[in-house]
Amino acid sequence: MAYELTKTNFIRRLLYMDQVFIVIPAYNESDSLKQVLVDLLAINYRHIVIVDDGSSCPVSEIIRDFPVHIVTHSLNLGQGAALRTGTEYALQNGAEIVVHFDADGQHRAAEIADLVQVIAEGYDVALGSRFLHARQHVPKTKKYFILKPAIYVNWLFSGLKLSDAHNGFRALSRHAAGKIIIEQNRMAHGTEIVAEIKKHNLKFKEVPVEIIYHEYGQNFSGGIKVVMDLIKQKFFN
Amino acid sequence: MNLFQLLIIGFLFITFYRLIKKVRDRQVSQGLFLIWFVLWLAVGVLVIFPSLMSRMAELSGIGRGVDLAIYIAIIILLYTQFKLYHRLEEQDKRISHLVRKIAINNAQKNANPSRDNPA
């Protein structure tokens, strides 16, 4: 989505900068995280919340010189828990818009503005979708064995059918961020967030984003684990 | 009385001893003590009088005493397994809650990114 930098948009965007909190869960990432921070700070985002999810080498030491908020889990809990902690921290510090962003450099900092724009238009949630993006290349095996089945798993558990079920790039309004409670500590939180959107009747929109593939990401056994976590939650809680 | 019965009875004595010691040291609540006590007592009675088990099996329509014992054992095991699973899950949640709370509290204490107040 081309972001037109008209004068009003530009002013609006400057206003956002102070209210947008970018939450990045990090677990044993250093080089990629540094690059991500450089990209974000270049666009002048003022509130970047790194959640160190019990990394063996504390993130705070690696990125000591960056002007960011660091929240540290003393134990490794999982990405879901890290996002929850980061979101809660952001809300406590006056965030109007909370953006979930990845530490491994697969999301593009420049596209945050597209998601934020959607929230500014009055939506509660903006969800990134790689399949809506015209130029996106997705590895075939990943597409047909993981991402496409995931859409149906997601639909089964949440009741919403999205074009891209497991995209971690999203923006939440303050209202939505307060409503959406992530109980799943590990990776099943993607589906959980969608289920919460449906439950609380939040207004959402999918936004095309480009995912930069460095490696395979979530593999097949990881996918099975996610399904097991979802089944456990559905039937035992 | 055969060897098997003697072994089991010996085992039961040890179990009772440990159970009583635990309730005295307040490691086990009185309610839980009672449940375990009755359970092990029942096991003891049935081991000494196996015919009782057969009678019960007949009455319940299962046929063999051993079958009844196995069924009951499986049910009890599954139940305890289920309870344990829940306990663990609950504990997991509590730990998560604690870790997240500590993390946020600590972060709030030194919440000012260096851009706002350059050191």
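Each reported figure results from applying straightforward, stated rules to the coordinates on display, with no laboratory input. Here the structure is a predicted model, which means the values were calculated and not measured. Heads up, the Cβs are rebuilt from the backbone with ideal geometry, glycines too, and the neighbour counts pull from every protein chain shown.
Filter the range A:42-76 down to the residues that are aliphatic (A, V, I, L, M), at the interface with chain B (Cβ under 9 Å from one of its Cβ atoms) and over 15 Å from the mean Cα position of the chain (by Cα) and list them by number.
A:Val68, A:Ile70, A:Val71, A:Leu75
Of all residues in the range A:63-73, count the ones that are surrounded by fewer than 19 Cβ atoms within 10 Å (Cβ to Cβ) and either under 19 Å from A:Thr87 (Cβ atoms) or touching a Lys or Arg at 6+ places or on another chain (Cβ under 7 Å) (or both).
Residues in the range A:63-73 being surrounded by fewer than 19 Cβ atoms within 10 Å (Cβ to Cβ) and either under 19 Å from A:Thr87 (Cβ atoms) or touching a Lys or Arg at 6+ places or on another chain (Cβ under 7 Å) (or both): 1 in total.
Considering each of A:Ala110, A:Ala103, A:Ala90, A:Ala126 in turn, give the residue that is touching a Leu at 6+ places or on another chain (Cβ under 8 Å) and either farther than 19 Å from A:Lys203 by Cα or not aliphatic (A, V, I, L, M) (or both).
Matching residue, one of A:Ala110, A:Ala103, A:Ala90, A:Ala126: A:Ala103.
So A:Val99 clears everything in (1) under 21 Å from A:Lys225 (Cα atoms); (2) not in a loop (DSSP other than H, G, I, E, B) except one condition, right? Which one?
(1)
Let me confirm something: among A:Tyr89, A:Tyr144, which residue is of a type in the set (Ser, Thr, Tyr) and over 22 Å from A:Val36 (Cβ atoms)?
Going through A:Tyr89, A:Tyr144 in turn, the sole match is A:Tyr144.
Restricted to the range A:77-105, and to residues that are surrounded by fewer than 21 Cβ atoms within 10 Å (Cβ to Cβ) and more than 9 Å from chain B (Cβ to nearest Cβ), which residue is farthest from the chain's Cα centre (by Cα)?
A:Gly94
Which condition breaks for B:Tyr85 when tested against (1) within 14 Å of chain A (Cβ to nearest Cβ); (2) more than 23 Å from A:Leu77 (Cα to Cα); (3) among the aromatic types (Phe, Trp, Tyr)?
Single failed check for B:Tyr85: (2).
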